[in-house]
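What follows is a short report on a single structure.
The values are calculated or read from the model by the stated rules, or taken from the named source; none is laboratory data. Please read all numbers here as calculations on a predicted model, not as lab measurements. Here the Cβ positions follow ideal geometry from the backbone for every residue, glycine too, while neighbour counts run over all protein chains shown. To get the accessible areas, we keep the full protein, side chains included, count just its heavy atoms, and leave off ligands, DNA and RNA. Shrake-Rupley method; radii C 1.70, N 1.55, O 1.52, S 1.80 Å.
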Amino acid sequence: GCNYANQVREVEGRLKHSCPFCRQLAPNSQIESDTLELADRLKVNDPVALRQVGSRCHMKGDYNAAFEYTLKAVEFGDVAAHYYLSIMYGDGQGVKKDEKKEIYHLEQAAIGGHTRARNGLGCIEGYRGQHDRAIKHFTIAAKQGHDESVGNLKKLYKVGKVSKEDFAATLRAYQAAVDATKSPQRDAAQ
């Protein structure tokens, strides 16, 4: 219908490709399209877009800008941004190294359901010798389908810190979480 009519109009008039509704010129590449979309999302303070720009700045080595964008994403409620802030505070990138703030942001991300943050808290607790707390963090993350947490629990099981029953129950919950993400469409895409 409308899209076909627009294509005919463009071919007959030797025009550049444009949106059939607003007639705005279409981007020339996927990168240009992504950049334009991200710019629009930044204008409305989309927290995911803010985090994505922060991540791009981080990859380019612009840690100060990365910190500012990521902090703004946190202010707008992005859970994953808490995790990335914890990394910045832990490594001292774009901000002064601060273990308390690192842990605070890990905790906030973990509370929001971020499994890597939960696993990170488990590692910190294990390093501190708080094995019971570490096991709880690893178990929660494993039950949400986090592979690395299962591996960490397996190590603790091998040294006798986790009971056979608890480890088996966690493995069953882990498998249920993994199975819940499976679908014929996802299997076909792989």
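Helix 99-111 and the long axis of the chain differ in direction by around 70°, with both axes built from C-alpha atoms.
Average projection, convex hull of the Cα set of region 132-190: 4.1 square nanometres. Computed over the chain with a Gaussian network model linking Cα atoms closer than 10 Å, the most mobile of TYR69, TYR127, TYR83 is TYR127. For Cα extents along the principal axes in Å, pick the label among (i) 123, 34, 29; (ii) 59, 31, 28; (iii) 76, 46, 23 that corresponds to the value derived from the coordinates. Given (i) 123, 34, 29; (ii) 59, 31, 28; (iii) 76, 46, 23, the structure-derived one carries the label (iii).
Against the chain, whose longest principal axis is taken from its Cα atoms, helix 2-12 shows a tilt of about 50°.
With the simple spin-label model, which puts each label point 7 Å out from Cα in the Cβ direction, the GLU12 to ASP98 separation comes to 6.4 nm. What's the whole-number percent of alpha carbon pairs in region 34-106 lying beyond 19 angstrom? In whole percent, the long-distance tail amounts to 27.
As a fraction of the 1.4 Å probe accessible area of the chain, surface on carbon and sulfur atoms comes out at 52 percent. Based on DSSP H segments of at least four residues, each scored -39500 (n - 2.57), the chain has a per-residue ellipticity at 222 nm of -23000 deg cm²/dmol.
Across q = 0.09, 0.13, 0.16 Å⁻¹, region 76-188 modelled as identical point scatterers on its alpha-carbon atoms has Debye log10 I(q)/I(0) values of -0.27, -0.54, -0.76, in the order of the q list. Springs between Cα atoms under 10 Å define the GNM used for the chain, and in it the highest mean-square fluctuation of ASP179, ASP132, ASP147 occurs at ASP179. Bridging of LYS100 to lysines at a Cα separation below 30 Å is possible for LYS60, LYS72, LYS136, LYS143, LYS154, LYS155, LYS161, once same-chain residues fewer than 8 apart are set aside. The alpha-carbon atoms of region 115-155 define a convex hull whose volume equals 47 cubic angstrom per residue.
Please report, in debye to the nearest 20, how large the charge dipole of the chain is about its Cα centre when each Lys and Arg carries +1 at its beta carbon and each Asp and Glu carries -1 there. All intermediate terms of the calculation are to be shown ahead of the outcome.
Values: 28 positive and 24 negative charges, 83 e Å.
For the chain, the charge dipole is close to 400 debye.
For the chain, the longest principal axis of the alpha carbon atoms and the long axis of helix 147-158 meet at an angle near 10°.
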